[in-house]
Amino acid sequence: MAHAAPTAHRRHYTRRTADTDHLARNALTRALLMGLVYGVWAAFIQRQMGPVDAGNVFYGILCGALFAAVMFGLNRVGPRLKREVHAAAYGVFGGIAVGYLHSLTGATVLSSSVIGLFSGLGVGGAAFYRYYTREP
């Protein structure tokens, strides 16, 4: 009977690892899809109704890849942070992303900063509410 105890523990450990792998795969998929949308949006704004060329495509891929990498990093590191810092990180990320997209339209730096600030406050407030109400 003593030899059965490690088997039960090992089975529980593999189940936890499988759940963690599924969550990581889900976060990666979500980050890649959001990065794809962000990259297409940035390339479309930068194109300014001209013809599509290799520079626009590369620019969209670069913006999308950076967005996806930062979002995936926040998904991986965020749960280890306090809820206030976690929400602030998402708020800063959202504000910078929206402000940068707004700056591509040719708007002034002040206008892009204000749009980014208010977007970041909204995203940070929504994230804080979500983390505060769903805390274990």
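Below is a table of values for the structure above.
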{"quantity": "ASN56, sole failed condition from (1) modelled with pLDDT of 80 or more; (2) closer than 30 Å to LEU121 by Cβ; (3) surrounded by 13 or more Cβ atoms within 10 Å (Cβ to Cβ)", "calculated": "(2)"}
{"quantity": "Selected residue (criterion: nearest to LEU104 (Cα to Cα)) from residues of the stretch 47-91 that are aliphatic (A, V, I, L, M) and assigned to a loop (DSSP other than H, G, I, E, B)", "calculated": "MET49"}
{"quantity": "Residue check, LEU32 modelled with pLDDT under 90 and either surrounded by 14 or more Cβ atoms within 10 Å (Cβ to Cβ) or of a type in the set (Lys, Arg) (or both)", "calculated": "no"}
{"quantity": "Flag for ARG47 being basic (Lys, Arg), over 16 Å from VAL98 (Cβ atoms) and over 11 Å from the mean Cα position of the chain (by Cα)", "calculated": "yes"}
{"quantity": "Any hit, the stretch 65-76, residues being of a type outside the set (D, E, K, R), buried (at least 16 other Cβ atoms within 10 Å of the Cβ), touching an Asp or Glu at 6+ places or on another chain (Cβ under 9 Å) and touching a residue at least 24 places away in the same chain (Cβ under 8 Å)", "calculated": "no"}
{"quantity": "Looking only at the stretch 83-133, and only at residues there that are exposed (fewer than 15 other Cβ atoms within 10 Å of the Cβ) and among the charged types (D, E, K, R), the one that is farthest from VAL37 (Cα to Cα)", "calculated": "GLU84"}
{"quantity": "Of residues in the stretch 36-46 being modelled with pLDDT of 90 or more and not aromatic (Phe, Trp, Tyr), the one farthest from LEU104 (Cα to Cα)", "calculated": "LEU36"}
{"quantity": "Subset of the stretch 115-136 [touching a His at 6+ places or on another chain (Cβ under 9 Å) and of a type outside the set (Gly, Ala, Ser)]", "calculated": "ILE115, PHE128, TYR131"}
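Here is a yes/no grid of residues against (1) in contact with a Leu (Cβ under 9 Å, 6 or more places away or on another chain); (2) over 25 Å from THR29 (Cβ atoms); (3) of a type outside the set (D, E, K, R):
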| position | (1), (2), (3) |
| --- | --- |
| ASP53 | no, yes, no |
| ARG83 | no, no, no |
| TYR90 | yes, no, yes |
| THR105 | no, yes, yes |
| LEU110 | no, yes, yes |
| ARG130 | no, no, no |
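The values are calculated or read from the model by the stated rules, or taken from the named source; none is laboratory data. Because the structure is predicted, anything quoted here is derived from the model rather than measured. Note that each Cβ is placed from the backbone with ideal geometry, even for glycine, and that neighbours are counted across all protein chains shown.
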